[in-house]
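A short write-up of the structure that comes next.
The values are calculated or read from the model by the stated rules, or taken from the named source; none is laboratory data. Please read these numbers as outputs of a predicted model, since none were measured by experiment. Virtual Cβ from ideal backbone geometry, glycine too; neighbours counted across all protein chains shown. Side chains are part of the model used for accessible areas, which takes the heavy atoms of the whole protein and leaves out ligands, DNA and RNA. Shrake-Rupley method; radii C 1.70, N 1.55, O 1.52, S 1.80 Å.
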Amino acid sequence: MKRRPIPTAWITTPALIVLFIAAWHLYVAWSGVSKFIIPPPLAVWESLVDLLGTASTLRHAWITLYETLVGFFFACIIGVGLGTVLGKTAWLEQALNPFIIATQVVPKVALVPLFILWFGFGTESKIVVATVLAFFPILTNTVLGIKSVDSGHNDVMTVLNAGRWQRFITLELPSSLPAVLAGMEVGIVLAIIGAVVGEYLGGSTGLGHLAVASLNDYKVGMMFAVIILLTAMGFLLYLLVGALKKLLIPWHDSVASKIRPVAG
Amino acid sequence: MNRTSVPGIHLAGVEKAFATPDGPLLALQRTDLQVRPGEFLALVGPSGCGKTTLLRMIGGLTEPTAGRVLIAERSLWAAGRRDSEAIRELAVVFQDANLFPWFSVEDNIALPLRLRGVPKPERLQKSRSLCELVGIGGFERLWPRQLSGGMRQRAAIARALSYDPHILLMDEPFGALDAITRDQLNLELQRIWLAQGCTIVFVTHSIAEAVFLGDRVLLLSPRPGKIDTEVEVPFPRPRKTSIQAFPEFQQLVQRLRDRLEAIT
Ligand SMILES: Nc1ncnc2c1ncn2[C@@H]1O[C@H](COP(=O)(O)OP(=O)(O)O)[C@@H](O)[C@H]1O
Ligand SMILES: [Mg+2]
C-alpha cells in the first residue's frame, strides 16, 4: 500500500510566514532603520486593525475589486472572442499579430495618464488599464488552445460530418479551455495590477489611491497595511479562478490528479 | 441489418500523391477495388505502404488525387466536397481511441447521436446498451482517462456503432494493445460484426490478425503503395482462437509472410 503523503504545506507555509515576520522584526530592532522607512511588524499590524476598523476602507476596497473584476471580465470577452477568431483564421492572426504584440511591449504605465485624459479620473480609466493588461495572456492562450486541437479529434468530427458550430461547441471550446483558464489565472493578477496602477496615478478612490495617500501623509505603516489588504484580495481572486477550473475542467490533468485509473 | 442490404465500397482508379518539399510522393498508385456488401476485408502490409491513406480516402478524410470512391453507388467526393449522404453510412475507428477527455465514457459514445439531434434520454440509453455490447458495462460514468487502453478502444468501437453505420473502417484499432487483450477484442469484433452485419475494412500490420478476421486479405506493397496479393480466407464463422493452430491457417499465414518478405 502507498503511504499517504504528509500535507507538508499546512506546516511549512505558516512556519515560513512566522519566520519572515520574526526576521523583519529583528532587522528593524537591530539595524536602527527609521520606522518611516520600514515600520516594525507590530506597527503594521496596528495600522491594519486601524484600517479594517475604518468605514471608508471597505468602500475603497470595493472600488478596486469592482475595477478589477469589470476589467477582467472585458479582458475575458476580448481575449476569448478575438483569440477564437485568430486561432481559426491563420491569415488574420498573422496580419494582427504585430499590433497585438505592440500593445504589450509599449510601456503601458506610461500610457496611464493618457487613459485618464481619455476616460476621466473615475473608475472607467482604471477598468481600461486593467483590461489592457489582462487581455493579452488570455488572448495568446486562447489562440494556442484553439490551434492545438488534436488532429485525431478533428478526424472524428469530420467523419461524423459535424458542422462548424457543433465542432466549436463540442471540440474546440472544451479542448482549449485548460489553456484559456491558465491565461485567466495570469490575467486576473494583471487586472489587479492594472486597477491599482491606475489608482496610483490618478483619482481619489481605491486601495491604490489609499496607498499613495498614506505615503504622502508619512503613514508608512498604513501603506504596508493597504498592501497587505491588496495581497489578500489578489490571493482570493486567484483562488476564485482556481475554483473555476475545478468547476469547468474537472477532467483535466491540472485538476484531476486525484482520479485513479481503474483496472482492466 | 440484412447482410446484403448494406452498401459495398467501390474504388475506381483511386490514387493519392502527397505534395512534399522533394516533389510529389505517390502514397497509393491507381487502385481498383470492390468491397462486397457485408464483407470483412483485411488490409495488411508493411509500414508506409499506404494502408492508412487508402482507409482515409474511403472514410472521406483525405481526398484522392485521381479516381473515385463510391459508397452505395454514390460518389464520396464531388467538386472537392464530401457527399453527406455517403458519409452517413461510414464510421471509423482509429489506432488511438480519440475519445474526448471532457466527456464521460457514455457521453463520448453518445456524441454521434448528439450531433444528429437525438434527445438526451434516448441517446444515453443507446450508449448504455452499447457499453454492454462491447463489454464495458458499469464504466459509463467514468472519464476516458480512467480506462485502460483496451477499454478505451472498446468505447471507441461503441461510439462508431452508435449510429448503426453500414460501413465500419478500422485503422490498426488494436495495434497498441497487448497480445491477450488483442485476441479477446478480435473475437468480440467478430461477434459484433456477425450480429450487426456491416461491411468492415480492417487495417492491420499483423498477418495472423488479418487472416483470423478477414473474409479476404489484401497484401499491400510499398513505394508506391499498391495491392500486391489477394487471398480469400475460407474458414467458417464464427472462428475460434484455436483455428490459429490449424495447418491450413498457418500455411496461409506463411504464404503471406513469404510474400511480405519478398516485397520489403
Ligand atoms: N499527410 C501526408 N503528407 C505527406 N506524406 C504522407 C502523408 N500521409 C502519408 N504520407 C506518406 O504516404 C505513405 C503512406 O503512408 P500511410 O498511408 O500512412 O502508410 P501505412 O498506414 O501503410 O503505414 C508514406 O510514405 C507516408 O510517409
Ligand atoms: Mg497507418
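The table below lists the values:
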quantity: Cβ-defined net charge surrounding A:V143, 11 Å radius [Lys, Arg +1; Asp, Glu -1]; calculated: +1
quantity: Chain A: proportion of alpha-carbon pairs further apart than 27 angstrom, %; calculated: 54 percent
quantity: Protein-only accessible surface order, largest first, of B:H10, A:H60 at 1.4 Å; calculated: B:H10, A:H60
quantity: Charge dipole magnitude, Cβ of K and R +1, D and E -1 - the protein assembly as shown, Cα centre, debye nearest 20; calculated: 680 debye
quantity: Anisotropy class of chain B from Cα gyration tensor, a/c 1.5 cut; calculated: oblate
quantity: The range A:134-186: relative contact order in percent, alpha carbon pairs under 8 Å with at least 6 residues between; calculated: 66 percent
quantity: Chain B, helix-only ellipticity at 222 nm - DSSP H runs n ≥ 4, -39,500 (n - 2.57), divided by all residues, nearest 500; calculated: -11000 deg cm²/dmol
quantity: Helix axis angle, A:90-105 relative to chain A longest principal axis, alpha carbon, degrees; calculated: 10 degrees
quantity: Estimated FRET transfer efficiency (A:L96, A:L248; beta-carbon r; R0 22 Å; 0.05); calculated: 0.20
quantity: Equivalent-ellipsoid semi-axes of the range A:54-158, from the Cα gyration tensor, Å, largest first; calculated: 34, 18, 9
quantity: Average projected area [Cα convex hull, the range A:110-227], square nanometres; calculated: 9.4 nm²
quantity: Most to least accessible of A:Y27, B:Y163, A:Y218 (protein chains only, probe 1.4 Å); calculated: A:Y218, A:Y27, B:Y163
quantity: For chain A, accessible area per residue (1.4 Å probe, heavy atoms of protein chains only), Å²; calculated: 57 Å²
quantity: Area buried, chain B against chain A - accessible surface, total, 1.4 angstrom probe, square angstrom; calculated: 2400 Å²
quantity: Carbon/sulfur fraction of accessible area - chain B, other protein chains in place, 1.4 Å, %; calculated: 50 percent
quantity: Residue-by-residue Karplus 3J(HN,Hα) for the range A:74-80, coefficients 6.51, -1.76, 1.60, Hz, glycine and proline x; calculated: 4, 4, 5, 4, 5, x, 6
quantity: Cβ charges +1 (Lys, Arg) and -1 (Asp, Glu), total dipole of chain B, debye; calculated: 500 debye
quantity: A:V109-A:T13 pseudo-label distance in nm [points 7 Å out on the Cα-to-Cβ vector]; calculated: 2.9 nm
